[in-house]
Amino acid sequence: MEKQRVTVAYGDGIGPEIMKATLSILEAAEVPLEYDVIEIGEKIYLSGVKSGISSEAWDTLRHNAAFLKAPITTPQGGGYKSLNVTIRKSLGLFANVRPVVALTPYVKSNHPKMDLVIVRENEEDLYAGIEHQQTPEVVQTLKLVSRPGCEKIVRYAFEYARVNGRKKVTCMTKDNIMKHSDGLFRQVFNEVKEEYPDIEANHWIIDIGSAVVANRPETLDVVVTLNLYGDIISDIAAEVGGSVGLGGSANAGATVSMFEAIHGSAPDIAGKGIANPSGLLNGAIMMLDHLGLQDKARMIKNAFFKTLEDGYHTGDIYREEISKERVNTQGFAAKVIENLGQEPSQLPAALAAKGGKINIKITKNNRASKKLVGVDVFIDWDKANRDPEVIGDGLRAIQGEKMYLKMITNRGVKVYPDGLPETFKTDHWRCRFTAQNGNDLGNADVIELLSNIEGADFDFIKTEQLYEFDGKRGYSLAQGE
Ligand code: NAD
């Protein structure tokens, strides 16, 4: 078999120790890989490269399909950028995949049957980092969700389930509140699931879903969700599973994917040779699956489970009542190597190898027809004791012929016309203008309206056009609209 080349970074702190141990296991398992080693992390940061990665390293990274990365240390202060975020965004690593399996009794967990995988969208949502202060009192963060973004991650989750012999994919959103952004994610989930009749599919609202992760994780199999929710529930899951120190994760992209341990560079124990290499080893096992080397992945995973069962434990999981011997990093690797070809008897043996790499195709949709039906004008206003009647009547007086002021909301709650005096009001007013008498609208009408607003001495700070797409409303209604 022709050897595939993968990129390897030894990282900082315990990184070099656990990488050496992991690669020694891969070598003993005769995994058909060759390694291109790159330097990233603390040394590069401190040499003045704020991203922590040199330009030569980028070439290697972009060239190989997989990147096995040991943890790195991010220096404190000094405006250093997170290397993970840089790599993830630059290389389009759209799926963060974190399996969590309880390894009781060898690792303590209250949920011994837990065995789930969280597939988190990695590029969109609130992490676009687009934030603005709009008035002295109000700031906003934009939550951007795209149809291709949703389709990529949802398809990835179903394909992952199929390739890994998993039976169910659970989607988690908050589409009862965010009907458009989370609604799109769920809509795409509902469309894509039809193509996978062999896999069960269901949906939880994220708040209840998080409680299920914490309380009944054994009922979940593959979970797919948006970026922020995924960030939170993958930490809950790792904690509940008890295996933060042993977990691996993947950041999968269309051409390049990155694999690593969940934990950091553990500077407190670096250089002592006692770190547990299991997290990185589990990352490497995911890499082998990803590269289509399922048989090797399965063989190493079974040897790893057998070593845990035999009681050879590193200091972080060593317990007198369950362990046989406290081993160091290399000692643990040596035991895994000895066990290659054997199966565990207590922990579930890894599933028989299933086929293939995960390839994601995106449906090319025809562009929907778009019709402008109004505009939300956001105004910074702090006059007349913030009486909505004053701003509302003032705007109606200058609204012009083509549009009329339908209503005003303050943080989403309708305050004009007919608001309640009890509603709390900030200095941030969303004023919704819609077409009068079925008038056709264009951006020129928006500009005319804005110039009227400016002329009446109102301080507009932002506009959002209201569109229909293929005749369907593309904006939310206000509370009370
Ligand atoms: P950490 O995960 O490095 O360490 C937390 C605790 O867990 C420490 O007591 C450590 O000794 C222990 N620990 C971690 N991994 C272990 C292992 N394999 N075996 C035995 N014990 C282990 O978290 P931290 O201390 O918050 O972060 C240290 C550094 O790592 C920071 O610079 C941080 O930015 C970085 N970090 C990097 C990554 C990454 O590269 N993906 C992830 C998290 C943190």
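The values are calculated or read from the model by the stated rules, or taken from the named source; none is laboratory data. Everything numeric here is computed off the predicted structure, so don't read it as measured data. Counting neighbours? That spans all protein chains shown, and the Cβs are built from the backbone with ideal geometry, glycine included. The area values use the complete protein model at the heavy-atom level, side chains included, leaving out ligands, DNA and RNA. Shrake-Rupley method; radii C 1.70, N 1.55, O 1.52, S 1.80 Å.
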Taking LYS43 as the anchor, which aspartates and glutamates have their alpha carbon closer than 16 Å to its alpha carbon, excluding any fewer than eight residues away along the same chain?
ASP12, GLU56
Give me a comma-separated list of calculated 3J(HN,Hα) values for segment 136-141, in order, Karplus coefficients 6.51, -1.76, 1.60 applied at θ = phi - 60°, integers in Hz, x for any Gly or Pro.
x, 9, 10, 10, 9, 10
Using only the alpha carbon atoms of the chain, find the Kirkwood hydrodynamic radius as the inverse mean reciprocal pair distance, in angstroms to one decimal.
25.2 Å
Enter the accessible area per residue of the chain (Å², integer; probe 1.4 Å; all protein chains in place).
46 Å²
Roughly how big is segment 370-473's charge dipole about its Cα centre, with Cβ charges of +1 (Lys, Arg) and -1 (Asp, Glu), in debye to the nearest 20?
440 debye
Given pairs LYS113/LYS335; LYS108/LYS324; LYS143/LYS370; LYS89/LYS143; LYS143/LYS371 and cut-off 18 Å on Cα-Cα distance, the over-length ones are LYS113/LYS335; LYS143/LYS370; LYS143/LYS371
Beta bridges by DSSP in segment 110-241, antiparallel share as percent, to the nearest 5
20 percent
Computing the accessible area with a 1.4 Å probe over protein heavy atoms, can you report the carbon and sulfur percentage for segment 17-145?
50 percent
Which shape class applies to segment 110-241: rounded if a/c is under 1.5, otherwise prolate when a/b exceeds b/c and oblate if not, where a ≥ b ≥ c are the square roots of the Cα gyration tensor eigenvalues?
oblate
To the nearest 0.05, the calculated FRET efficiency linking ASP36 and LYS361 through their beta-carbon distance, R0 being 22 Å, is 0.15
Dipole of segment 110-241, positive direction: furthest Cα of ASN176, ALA201, LEU126, with charges on the beta-carbon:
ALA201
Toward the positive end of the charge dipole of the chain, about the Cα centre and with charges on Cβ (Lys, Arg +1; Asp, Glu -1), which of GLY52, ILE87, GLN330 goes farthest?
GLN330
With θ set to phi - 60° and the Karplus curve 6.51 cos²θ - 1.76 cosθ + 1.60, what are the ³J(HN,Hα) couplings of segment 374-390 in order, to the nearest whole Hz, using x for Gly and Pro?
x, 8, 9, 10, 9, 10, 8, 8, 9, 10, 6, 6, 6, 7, x, 5, 6
Near LYS383, which aspartates and glutamates are there with a Cα under 17 Å away, not counting those fewer than 8 places off in the same chain?
GLU137, ASP393, ASP427, GLU454, ASP457, ASP459
Karplus-derived HN-Hα couplings along segment 403-408 (A = 6.51, B = -1.76, C = 1.60, θ = phi - 60°), whole Hz, x at Gly and Pro:
10, 10, 6, 7, 6, 10
Alpha carbon centroid spacing (whole Å) that separates segment 53-92 from segment 257-321
22 Å
Going by amide H atoms built from the backbone, whose H comes under 5 Å of the H on ALA275, apart from near neighbours?
THR329
Of all DSSP beta bridges in the chain, antiparallel share, percent nearest 5:
60 percent
Dipole in debye (nearest 20) - segment 26-175, about Cα centre, beta carbon charges: Lys, Arg +1; Asp, Glu -1:
660 debye
Using alpha-carbon pairs under 8 Å, 6+ residues apart, how would you state the relative contact order of the chain in percent?
15 percent
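Give the dimensionless ratio obtained when the Cα radius of gyration of segment 230-286 is divided by 2.2 N^0.38 Å.
Numbers: Rg = 12.5 Å, N = 57, 2.2 N^0.38 = 10.2 Å.
So segment 230-286 has a normalised radius of gyration of 1.22.
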What chymotrypsin sites (Phe, Trp or Tyr not before Pro) in segment 262-364 are in a loop by DSSP, with at most 13 other Cβ atoms within 10 Å of the Cβ?
none
In segment 322-395, if the dipole is taken from +1 on Lys/Arg beta carbons and -1 on Asp/Glu beta carbons about the Cα centre, which of GLY374, PRO344, GLY394 is farthest to the positive end?
PRO344
In nm², the average projected area of the convex hull spanned by the Cα atoms of segment 367-481 is 7.1 nm²
Give the long-range amide H neighbours of ALA254: residues separated by 5 or more places, or on another chain, with amide H under 5 Å away, using H modelled in the peptide plane at 1.01 Å from N.
PHE94
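Determine the calculated [θ] at 222 nm for the chain from helices alone, applying -39500 (n - 2.57) to every DSSP H run no shorter than 4 residues and normalising by the residue count; nearest 500 deg cm²/dmol. Please list the in-between numbers first.
Details: 13 runs with 154 residues, N = 481.
Roughly -10000 deg cm²/dmol at 222 nm, from the helical runs in the chain.
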Taking segment 47-85, which trypsin sites (Lys or Arg not before Pro) meet the DSSP loop condition and have no more than 13 other C-beta atoms within 10 Å?
LYS50
With N denoting the number of residues in segment 9-68, provide Rg(C-alpha) divided by 2.2 N^0.38 Å, to two decimal places.
1.23
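Taking a ≥ b ≥ c as the square roots of the Cα gyration tensor eigenvalues, with a/c under 1.5 meaning rounded and otherwise prolate when a/b beats b/c, else oblate, which class fits segment 46-190? Spell out each step's value before the answer.
Values: a/c = 1.61, a/b = 1.11, b/c = 1.45.
Verdict is oblate for segment 46-190.
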Quick one: which residues, 5 or more positions from MET407 or on another chain, have an amide H under 5 Å from its amide H? H modelled 1.01 Å from N in the peptide plane, none for Pro or chain starts.
ARG432
Please state the charge dipole magnitude for the chain, taken about the Cα centre, from unit charges on C-beta atoms (+1 on K and R, -1 on D and E), reported in debye and rounded to the nearest 20.
980 debye
